[in-house]
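Below is one structure, written out as structure tokens, with a few remarks after it.
Quick note: the coordinates plus some simple rules give every number you see, no bench work behind them. Model, not experiment: these values are computed from the prediction. No Cβ is skipped: glycine too gets one built from the backbone with ideal geometry, and neighbour counts run over all protein chains shown.
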Amino acid sequence: MSNDVKESFSSDAPPAPAALAAKVRTLAPSMTRSMQRVAEAVAADPAGCAALTVTGLAELTSTSEATVVRTARILGYPGYRDLRLALAGLAAQQQSGRAPAVTADIAVDDPIADVVAKLAYDEQQTLADTAAGLDTVQLGAAVTALAGARRVDVYGVGASGLVAQDLAQKLLRIGQVAHAHSDPHLAITNAVTLRSGDVAVSITHSGATGDVIEPLRVAFERGATTIAITGRPDGPVSQYADHVLTTSIARESELRPAAMSSRTSQLLVVDCLFVGVAQRSYETAAPALSASYEALAHRHRSAPRGARS
């Protein structure tokens, strides 16, 4: 991992065995090449690596014992012994059939039934990885901030802009004052008016999208509570985020852009935020939701027979 990647991204409690593969997928792109070799080795063969000493794993990956220990800590484990225990647990899960192998990428000549199966599995894996790697302490703090916010601004462009709209619309339906901004100029001019008691949320899979980082920086400097939803917790966006919520790293293929699966993981985080806020403000959120359902009910009723569209 590069020097600017902070070990503080690891949670206080070691990740469960099922979360190990998700941690590797999320953090490996930001590691040094030697650390990547260690991370890739333990993810590819947990049973084999669990049987190795720290020296043995260092020799297997052509690295040093210090690199192995540091990689274990970056992945969230206090030391190599804890990583070995997690590897043994993951190996047991795989042997019991609860951890299926990753499916192959979609081929141009795949039957449509195979396409459906592969996409469904990839979506499930993306959601599982995001849930496993999501820091619930950070999530709870973000929910608290949103539930008490005077106003919420959400920034996102491209596919992330759709997710920003989803979060803003959900919050609006329970009585929150929320706005989504995909135009970077409008985002910044709105961020300037934020202050303490307001919340700004930036959604960026890469963690490096300038159009959402700039308004978050402005909001941060104005004293608003800032939240980043990103697949790269070590990215520039985290510099201006009070709370960082990490999503799964998407696997991009020729026929499936990364934006598709990254949006899936972002929507899961948005739903977690929304439900958390609705729980905290249930007395006002429930009537607001009922009112919004009632206001739209007539649009979902069948038109009378003979009526023209």
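Skipping prolines and chain starts, which residues have an amide H placed within reach, meaning under 5 Å, of the one on THR226, given they are 5 or more residues away or on another chain?
Amide H to amide H, under 5 Å and 5 or more residues apart or across chains, THR226 pairs with ALA200, ASP242, HIS243.
Short version: ³J(HN,Hα) in whole Hz for each residue of the stretch 66-80, in order, from phi by Karplus 6.51 cos²θ - 1.76 cosθ + 1.60 (θ = phi - 60°), x for Gly and Pro, what are they?
Rounded to whole hertz, the list is 4, 5, 4, 5, 5, 4, 4, 5, 4, 6, x, 9, x, x, 5.
Using only C-alpha positions, report the orientation-averaged shadow area of the convex hull of the stretch 108-242, nm², one decimal. Don't skip to the answer; put the middle values down first.
Values: hull surface 37.6 nm².
Quarter of the Cα hull surface area: 9.4 nm².
Treat each spin label as a single point 7 Å out from the Cα along the C-beta direction, and report the ASP114 to THR53 distance in nm.
Here the answer is 4.6 nm between the modelled labels.
Report the residues of the stretch 19-56 in range of a label on GLU65: point 7 Å along Cα→C-beta, backbone N strictly under 11 Å from it.
What the label zone holds, given the 11 Å backbone N cut-off, is 54-56.
For the stretch 165-232 and the stretch 273-299, compute the distance between their C-alpha centroids and round to whole Å.
If you average the Cα positions of each part, the centres end up 22 Å apart.
Points 7 angstrom from Cα along the Cβ direction at ASP45 and ARG195: gap in nanometres?
6.2 nm
From the backbone phi of the stretch 147-160, what are the Karplus-calculated ³J(HN,Hα) couplings (6.51 cos²θ - 1.76 cosθ + 1.60, θ = phi - 60°) in whole Hz, Gly and Pro given as x?
Per-residue couplings from phi come out as 5, x, 6, 6, 7, 10, 10, 10, 10, x, 10, x, 4, 5 Hz.
Taking N as the number of residues in the stretch 39-159, what is its Cα Rg relative to 2.2 N^0.38 Å?
Working: Rg = 19.6 Å, N = 121, 2.2 N^0.38 = 13.6 Å.
For the stretch 39-159, the normalised Cα radius of gyration comes out at 1.44.
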